[in-house]
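Just dropping this structure here.
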Amino acid sequence: MADDPLGDGIAEAVADRLDVAELRRLFRENEYDLALNGDGRALLLVPADDLVCAVLATSDAQRGIPAPDWVRTDLLGLIERLPDGAEVLVNLNSAAPAQFSGAFLREALLD
């Protein structure tokens with residue numbers, strides 16, 4: 001988990017080999033890239049489940065979509081840019097993409 005600890009942790013969680021507390025810790029202790037729409041706001045997509053989602057990449061290699069801009073951020077910065085009701089798609093085009101609610105991320109900040 002040295003090069004992409006959050007991405008690796010998400011893959012482990014999807015395979016049921018990492019508990020939620022550890023996944024939240026990885027969100028707190030790492031930085032990642034948030035796609036921006038060109039005016040400093042999070043780039044939002046509406047995937048098949050009809051939930052509005054910001055796009056997050058856990059490493060440069062995981063930037064699976066073209067975006068006008070990307071910003072390196074931590075959990076607090078992500079939450080501050082996340083619109084109310086939005087979720088977060090992580091590593092959209094990877095082998096283990098994941099979607100997290102804003103509530104999950106806010107809880108991770110408080111742990």
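The values are calculated or read from the model by the stated rules, or taken from the named source; none is laboratory data. This structure is a prediction, so every number in the text was calculated from the model and none was measured. Don't worry about glycine lacking a Cβ; one is built from the backbone with ideal geometry, like all the others, and counts go over all protein chains shown.
Out of all the residues in the stretch 61-88, which are touching a residue at least 40 places away in the same chain (Cβ under 8 Å) and closer than 18 Å to Arg24 by Cβ?
Those that are touching a residue at least 40 places away in the same chain (Cβ under 8 Å) and closer than 18 Å to Arg24 by Cβ: Thr73, Asp74, Leu75, Gly77, Leu78, Leu82.
Then there's this: Out of all the residues in the stretch 24-60, which are in contact with a helix residue (DSSP H, G or I) (Cβ under 6 Å, 6 or more places away or on another chain) and without any contact (Cβ under 8 Å) to a residue 40 or more places away in the chain?
Leu26
Going through the stretch 10-24 one residue at a time, which ones are more than 12 Å from the chain's Cα centre (by Cα), assigned to a helix (DSSP H, G or I) and surrounded by 16 or more Cβ atoms within 10 Å (Cβ to Cβ)?
Matches in the stretch 10-24: Ala11, Glu12, Ala13.
For Leu92, only one of the following conditions fails: (1) closer than 19 Å to Asn37 by Cβ; (2) over 12 Å from the mean Cα position of the chain (by Cα); (3) assigned to a loop (DSSP other than H, G, I, E, B). What is its number?
(2) is the only condition that Leu92 fails.
Answer with yes or no whether Ala35 is assigned to a strand (DSSP E or B) and either closer than 24 Å to Ala103 by Cβ or of a type in the set (Asp, Glu) (or both).
For Ala35, the condition - assigned to a strand (DSSP E or B) and either closer than 24 Å to Ala103 by Cβ or of a type in the set (Asp, Glu) (or both) - is met.
Of all residues in the stretch 44-68, which are touching a strand residue (DSSP E or B) at 6+ places or on another chain (Cβ under 8 Å), of a type in the set (A, V, I, L, M) and over 25 Å from Asp3 (Cα atoms)?
Within the stretch 44-68, Leu44, Leu45, Val46, Leu51, Val52 qualify.
Can Leu109 be described as more than 21 Å from Asp16 (Cα to Cα), in contact (Cβ under 8 Å) with a residue 60 or more places away in the chain and either β-branched (Val, Ile, Thr) or surrounded by fewer than 16 Cβ atoms within 10 Å (Cβ to Cβ) (or both)?
For Leu109, the condition - more than 21 Å from Asp16 (Cα to Cα), in contact (Cβ under 8 Å) with a residue 60 or more places away in the chain and either β-branched (Val, Ile, Thr) or surrounded by fewer than 16 Cβ atoms within 10 Å (Cβ to Cβ) (or both) - is met.
Turning to a different aspect of this structure: Right, Asp39: touching a Lys or Arg at 6+ places or on another chain (Cβ under 6 Å) and either farther than 16 Å from Asp4 by Cβ or modelled with pLDDT under 95 (or both) or not?
no
I need the full set of residues from the stretch 79-105 which are under 12 Å from Leu51 (Cα atoms) and charged (D, E, K, R), in order please.
Result: Asp84, Glu87.
So, one more: Mind listing just one residue for me: the one in the stretch 48-60 that is closer than 17 Å to Phe27 by Cα and assigned to a loop (DSSP other than H, G, I, E, B) and, of those, farthest from the chain's Cα centre (by Cα)?
Filtering first and then ranking leaves Ser59.
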